[in-house]
Structures are given as structure tokens and as C-alpha cells.
Amino acid sequence: METGIGEDTGISADEPVWRGLRPGLLRVRRLLLAVWAGVLAVATGLPLGLLVGPAWAAWALLPLSAAVWGGRLLERNWRSWRYAERADDLLISRGVLWREETVVPYGRMQLVEVTSGPVERRFGLATVQLHTAAAATDATIPGLDPAEAERLRDRLTRLGEARSAGL
């Protein structure tokens with residue numbers, strides 16, 4: 001019986017090999033945070049400065065300081081995301097305060113999607129989303145290299161078909 005585990009795949013049956021996300025995802029999220037913080041700063045400071053007085057425009061610093069703090073939180077969240085391929089399932093781990101680990105058996109996968117929006121494409125990123133019979137399953141891996149996302153999709157699809165649970 002072919003297990004897909006061995007020297008050619010580099011996957012151990014005992015200990016999972018965890019892989020993190022690309023740094024481009026962190027850059028994208030920080031860029032979006034900076035853009036939204038800038039919009040909020042202008043939307044806060046301009047009306048207050050014009051209608052109430054120039055001193056009140058200092059409230060525009062609040063969204064900017066929140067963005068600096070948010071940038072640090074984004075990095076911690078980015079570092080928490082990882083995934084591992086095992087012999088019979090895929091592990092996805094994420095979360096800083098509340099750790100969440102999702103185990104998706106290959107035989108339960110119904111659909112594997114690779115998506116990449118315009119911002120993701122600009123930064124060379126793709127997202128893999130797994131759909132299973134369970135509606136509550138949130139099996140998504142963002143921030144992958146497009147070639148890695150396609151490799152993962154093809155491998156998961158192949159393993160899912162081989163281990164189909166007969167739903």
C-alpha cells in the first residue's frame with residue numbers, strides 16, 4: 001500500500017514537519033493596516049481641526065499609534081500560523097492567545113481551492129482552502145507561495161482521492 005511517506009517526500013510518519021507562512025503576508029497585512037490607519041487619521045483629524053480647532057486635530061494621532069501597536073500584534077499572529085503534512089492528515093495551527101489546531105484527514109476532504117486576489121498576486125501570495133463534510137471546518141492556509149499552494153493542492157487532492165472515506 002502506497003502511503004506517500006518516505007524519503008522522496010521528506011515527511012516523517014512520527015513527527016510532523018511544520019512550515020510557516022511567507023513574510024509577504026505580514027507585509028501585506030501591515031500595508032493594509034497603515035492604509036486604514038491613515039484614512040482614519042485623516043477622517044478624524046481633518047473635521048476636528050476645521051470645525052472645532054487645530055488642537056483637536058491631535059486626535060488623529062490615536063489611529064496612528066493604534067496602527068503601531070497593531071503592527072506588532074500582526075507579527076505575533078503571523079508567526080503563530082503553521083501547517084504540517086502527516087501520513088493521514090494535514091495539521092493547521094494558529095493563534096496567539098487562543099491556540100487553535102485543525103486536523104483535516106485526507107479522506108474527508110471534498111474540495112481544495114487555491115485563491116489569490118489582486119493584492120495577494122502583487123505580493124506573490126496564494127491561499128489554500130480545504131472544504132470537508134463538516135461545515136464548521138476552517139481549514140485555510142494563507143500567505144503561501146503560489147507554486148507551494150499548487151503543489152499542496154495537487155498533493156492533497158491526490159491523497160484525498162486515494163483515501164476517500166466514501167461519503
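The values are calculated or read from the model by the stated rules, or taken from the named source; none is laboratory data. Note that this is a predicted model, so its numbers are computed, not measured. Methodologically, a virtual Cβ is constructed for each residue, glycine included, from the backbone with ideal geometry; neighbour enumeration extends over all protein chains shown. Note: areas computed on protein heavy atoms with side chains; ligands, DNA, RNA excluded. Shrake-Rupley method; radii C 1.70, N 1.55, O 1.52, S 1.80 Å.
Using a Gaussian network model of the chain with C-alpha springs under 10 Å, which one of Ala149, Ala60, Ala43 is most mobile by mean-square fluctuation? Greatest mean-square fluctuation among the candidates belongs to Ala43.
Using a probe of 1.4 angstrom and keeping all protein chains present, the accessible surface of the chain works out to 62 square angstrom per residue. Pick out which of Ser116, Ser65, Ser93 has the largest mean-square fluctuation in a Gaussian network model of the chain, springs linking Cα atoms closer than 10 Å. The residue that fluctuates most here is Ser65. Count the net charge of all other residues whose Cβ sits under 10 Å from the Cβ of Gly124, scoring Lys and Arg as +1 and Asp and Glu as -1. Cβ neighbours under 10 Å give a net charge of +1.
Dividing the summed helix terms, -39500 (n - 2.57) for each DSSP H run of n ≥ 4, by the number of residues in the chain produces a 222 nm estimate of -14500 deg cm²/dmol to the nearest 500. Building the convex hull from the alpha-carbon atoms of the chain and averaging its projection over directions returns 12.4 nm².
Between Gly95, Gly70, Gly53, the residue with the greatest mean-square fluctuation in the GNM of the chain (Cα pairs under 10 Å linked by springs) is Gly53.
In this view, the solvent-accessible surface of Trp81, computed with a 1.4 Å probe and all protein chains in place, comes to about 40 Å². Within the shell of other residues whose beta carbon sits under 13 angstrom from the beta carbon of Trp69, the net charge comes to +2, with Lys and Arg scored +1 and Asp and Glu -1. In a reduced charge model with +1 at each Lys and Arg Cβ and -1 at each Asp and Glu Cβ, the chain shows a dipole moment near 820 debye about its Cα centre.
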